[in-house]
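Everything below concerns the one structure shown next.
Computed from the coordinates by the stated procedures, all read-outs in this text should not be read as laboratory data. The model shown is predicted, which means the values in this text are computed figures rather than measured ones. Note that we place each Cβ from the backbone using ideal geometry, even for glycine, and neighbour counts take in every protein chain shown.
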């Protein structure tokens with residue numbers, strides 16, 4: 001009996017279920033666009049003009065001088081798969097299939113996060129002093145100043161600041177960040193520092209990501225901050241799921257999807273190396 005069609009149907013079902021249960025760490029924080037067909041798409045970038053003006057009777061409607069650019073986003077095909085011995089197919093439990101599926105989804109989501117971070121790190125906007133100073137109060141204020149200067153708060157967007165574990169520990173030494181004399185007990189960061197939700201402080205959400213890459217400077221971590229409208233994620237159509245019998249009597253489970261990410265507007269993003277060993281003065 002050919003079990004391949006039955007196994008493939010089960011694998012397809014598990015893929016859909018797992019995608020509903022788990023997601024990438026960054027996909028919900030950026031602008032997402034579904035791209036059913038093709039290897040390229042575009043995101044819109046707007047430039048605000050002058051304030052609205054008045055019109056004289058029978059006069060022309062004033063133009064505010066704003067503009068709209070199209071930012072290209074290239075997409076590539078990515079694969080995630082695993083294999084088991086052919087003799088084990090019929091005996092693989094539902095839990096075993098779930099593990100295989102979960103691994104494939106996790107692998108694809110890791111690639112999504114990597115693409116998003118690569119796009120963010122294309123910005124030229126940075127904080128040079130953080131490479132030696134660490135996450136002291138001046139670094140935090142520099143992040144706030146950047147988004148304030150670029151009218152992010154005026155546009156009511158919420159910046160997301162992503163730090164490595166060592167940078168988060170430095171931040172935890174600032175009484176302005178953690179101390180009950182400054183903030184309420186309900187807002188203490190060690191109660192609300194989950195990677196999925198973050199901690200709201202200085203009109204920004206602060207999160208910890210243990211998988212951030214090393215910085216360009218020695219003994220640093222490349223941290224980042226951005227707003228949703230400034231980073232784009234392109235997702236291909238429905239995931240292609242296949243189960244294939246290989247030459248060495250193993251069954252290969254795999255999925256593929258087209259993905260791409262781009263930096264829409266670099267003024268809404270920061271990429272900065274932060275010291276791993278700085279001692280932050282309180």
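Descriptive notes on the structure:
- Note on the stretch 95-152: the C-alpha convex hull projects to 6.4 nm² when averaged across all orientations.
- Inter-probe distance in nm under a simple model that places probes 7 Å from Cα toward Cβ, at residue 154 and residue 129: 2.4 nm
- Here the gap between residue 61 and residue 169, fully extended at 0.36 nm per residue and compared with their Cα-Cα distance, gives a gain of 33.4 nm.
- Packing-based exposure ordering (other Cβ within 10 Å, fewest first) of 168, 206: 168, 206
- The residues 101, 129, 124, when put in order of fewest to most other Cβ atoms within 10 Å, stand as 124, 129, 101.
- Cβ-Cβ FRET estimate between residue 44 and residue 200, R0 fixed at 35 Å, reported to 0.05: 0.75
- For residue 114 and residue 179, a Förster radius of 30 Å and the Cβ-Cβ distance give a FRET efficiency of 0.25, rounded to the nearest 0.05.
- Two-site label geometry, residue 74 and residue 27: point separation in nm, points 7 Å out along Cα→Cβ: 2.3 nm
- Going from the residue with the fewest nearby Cβ atoms within 10 Å to the one with the most, 77, 221 rank 77, 221.
- A crude spin-label estimate for the pair residue 122 and residue 254, with each label 7 Å from Cα along the Cβ direction, gives 2.7 nm.
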